[in-house]
1. How big is D, in µm² s⁻¹, for segment 106-320 by Stokes-Einstein at 25 °C and 0.890 mPa s if Rh is the Kirkwood radius over C-alpha pairs?
2. Between residue 293 and residue 224, what length in nm is gained on full extension when 0.36 nm per residue of separation is reduced by their alpha carbon distance?
3. Tell me, what is the percent relative contact order of segment 106-320, built from C-alpha pairs under 8 Å that lie six or more residues apart?
4. Treating segment 93-181 as a set of equal point scatterers at the Cα positions, no solvent, please give the Debye-formula log₁₀ I(q)/I(0) at q = 0.17 Å⁻¹.
5. Residue 127 to residue 283: extension gain in nm, 0.36 nm per residue of separation minus the Cα-Cα distance?
6. Can you tell me the mean projection area, over all orientations, of the convex hull of segment 134-200's alpha carbons? Units nm², please.
7. Could you give the distance between the Cα centres of segment 210-283 and segment 128-204, to the whole Å?
8. Multiply the residue gap between residue 213 and residue 313 by 0.36 nm, knock off their C-alpha separation, and tell me the result in nm, one decimal place.
């Protein structure tokens, strides 16, 4: 198991290197002078810089833009290795400080959504597999509707129904759970449901199909013939094997929550990393966008790595292959 885990960790390193290259060289290949993004003006059209070209060269030297591209990339990777994500072009603040303020909010929303997805998806999948008929029809309809509905559209529908029509929940805003847990639940309810609609639906479908297939196996029939209670048969014998295909979806759904939080945070006015990414894109704050891409990639790679390790633990055949 240890060798398998190490192999998976090593295989994740090239992904991080490729993403760092794409984010760096992607910015360099954009049209226009890179100083335009830093200064907010086009140096070639500014009278002060045109009259004093030495100032322009000094700025290029200060930001390292006079060095070869490969040297600039090496310096960029070196700063990343030291935890230096750069400085925002607009606020002039260290990006690491901006992320420290936003990251707990996004993590709270993502983890709360994740565990809610897993609970709802597994519960509905087990009930649908054990009770064919109306219950199965309801759960399957939920899965089809959830898989076909974008999270931002689900968010708008929920705001209209639960906030505008019924007045049960606030339309937008954020209260941290560590400040006021009761009020925080009200503000988290709609973002969690909207952001997790798709994930819980996919988990439900995988759990239902996997459990229905396992329940037909001979060892399950034998366990029931021996007089074991249905709950014991399901929990001890059937569910573990049935969850093998579902675990892949459960693990990878965490990475989709990270990307999905961009729209959800924007719709509900949540001041997390997703909203910061949208604001940075609108103001062309390229260093902030680069940092968010790197952090998001690391989170996705970590989620995939944990998924592979747990999957290898549940299914020894994966480790052997």
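Just so it is clear, none of the values below were taken in a lab; they were calculated from the coordinates. The model shown is predicted, which means the values in this text are computed figures rather than measured ones. All Cβ positions, even for glycine, are placed from backbone atoms using ideal geometry, and neighbour counts span all protein chains on display.
1. In µm²/s, the coefficient is 129.
2. 19.7 nm
3. In percent, rounded to a whole number, it is 25.
4. Debye output, listed in q order: -1.00.
5. Taking residue 127 through residue 283 to full extension adds about 51.3 nm, to one decimal.
6. Mean orientational projected area (segment 134-200, Cα hull): 5.3 nm².
7. Taking the Cα centre of segment 128-204 as reference, the centre of segment 210-283 is 15 Å away.
8. Separation in residues times 0.36 nm, less the Cα-Cα distance, equals 33.9 nm.
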